[in-house]
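Student: Take this structure, written in structure tokens, and hold onto it; I'll ask about it next.
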Amino acid sequence: MHFDRISPSAVRSVRQQDFLKVWLRLYSQTGQLPVLSTFEPSRFDNEKPELMIYDVVHKDSDIRYPATFAGDRLIEAYGFSAVGHDLQDILSPMVWKHVEPLYDTCVTRGMPVYSAFTVTDLAGSAVTYERLLLPFGENGVVQQMMASIKSISEDGRFVNSLLMRPSGHDPQYSIRGIVDHDAPPLQPAQASNADDVIEI
């Protein structure tokens, strides 16, 4: 799976941009991975419904992602809570084959990974799904990961329930990249409306 080198300006959601700015500031202060306990963006509690947090466990040649926190809106979108389970054990193989390269790249590169792709909801509307992965750890080893996930439809309204169902899951990616603050912008940055979606 190909990943571009992208500027922070490629991240469209204003709130995800805020998360990324805090992560990059912590990273620049030490030149090391931030520790999760030091990550304190503004309005953090407001964002929790759209957050996932995982431990990162290396087992032989595999990387496991046991979930330690799942936001309510993501539980609704996937149809279950991942907390207490390894992510790859509860996602369908159809969904996991698209997700795994994003998570593994974030861990192996030790840098934020951003992606945006389109799926269809239960009513057939196209929904853009924006995922920002942030790595945390010590001594250059990623030990935790946070996923901020935003969804938006050009129609303004969409069905969030079972949005990430495995049946017919065929995401069409518009961007998939490793965030590098020195990278030139791919395109003019535009704030996404993903922070103000209305769901049915």
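Every number here is computed from the coordinates shown, using simple stated rules; none is lab data. None of these values were measured; they are calculated from a predicted model. Positions of Cβ are backbone-derived with ideal geometry, glycine not excepted, and every protein chain shown enters the neighbour counts.
Student: Once you keep just the Cα pairs under 8 angstrom separated by 6 or more residues, what percentage relative contact order results for the range 1-75? It would help to have the intermediate numbers written out before the result.
Tutor: On the way: 60 pairs, mean separation 15.1, N = 75.
For the range 1-75, the relative contact order is 20 percent.
Student: Stick to Cα atoms and the Kirkwood definition of Rh, then tell me Rg/Rh for the range 1-67.
Tutor: Details: Rg = 14.2 Å, Rh = 14.2 Å.
Reported Rg/Rh (Cα atoms, Kirkwood Rh): 1.00.
Student: Could you work out the local net charge near residue 113, counting Lys and Arg as +1, Asp and Glu as -1, over the other residues with Cβ closer than 9 Å to its Cβ? Numbers along the way, then the final one.
Tutor: On the way: positive: 109, 131, 176; negative: none.
With Lys, Arg at +1 and Asp, Glu at -1, the net is +3.
Student: A follow-up question, please. Under 5 Å between amide hydrogens, which residues at least 5 positions from residue 33 or on another chain qualify, with H placed 1.01 Å from N in the peptide plane?
Tutor: Here the answer is 140, since their amide H atoms fall under 5 Å of that of residue 33.
Student: Under a straight-distance cross-link criterion of Cα-Cα below 27 Å, which lysines are reachable from residue 150, leaving out those fewer than 8 residues away in the same chain?
Tutor: Within the straight-line limit of under 27 Å, residue 150 reaches these lysines: 21, 48, 97.
Student: Further question on the same structure: Relative contact order for the range 61-114: what percent, with Cα pairs under 8 Å and sequence separation of 6 or more? All intermediate terms of the calculation are to be shown ahead of the outcome.
Tutor: Numbers: 35 pairs, mean separation 16.0, N = 54.
30 percent.
Student: Whole number please: convex hull volume per residue, Cα atoms of the range 31-153, in Å³. Kindly include the intermediate steps, with their values, before the conclusion.
Tutor: Numbers: hull volume 14.3 nm³, N = 123.
So the per-residue Cα hull volume is 116 Å³.
Student: Could you tell me which of rounded, prolate or oblate describes the range 29-68, using a ≥ b ≥ c as the square roots of the eigenvalues of the alpha-carbon gyration tensor, with rounded for a/c under 1.5 and, failing that, prolate when a/b is larger than b/c and oblate otherwise? Mind showing how you got there, number by number?
Tutor: On the way: a/c = 4.11, a/b = 1.38, b/c = 2.97.
Because a/c hits 1.5 or more and a/b fails to exceed b/c, the range 29-68 counts as oblate.
Student: Which residues' amide hydrogens lie under 5 Å from the amide hydrogen of residue 175, considering only partners 5 or more residues apart or on another chain, with H built in the peptide plane?
Tutor: 116
Student: In percent, how large is the relative contact order of the range 50-153, given Cα pairs closer than 8 Å and 6 or more residues apart?
Tutor: Numbers: 183 pairs, mean separation 26.9, N = 104.
Here the relative contact order equals 26 percent.
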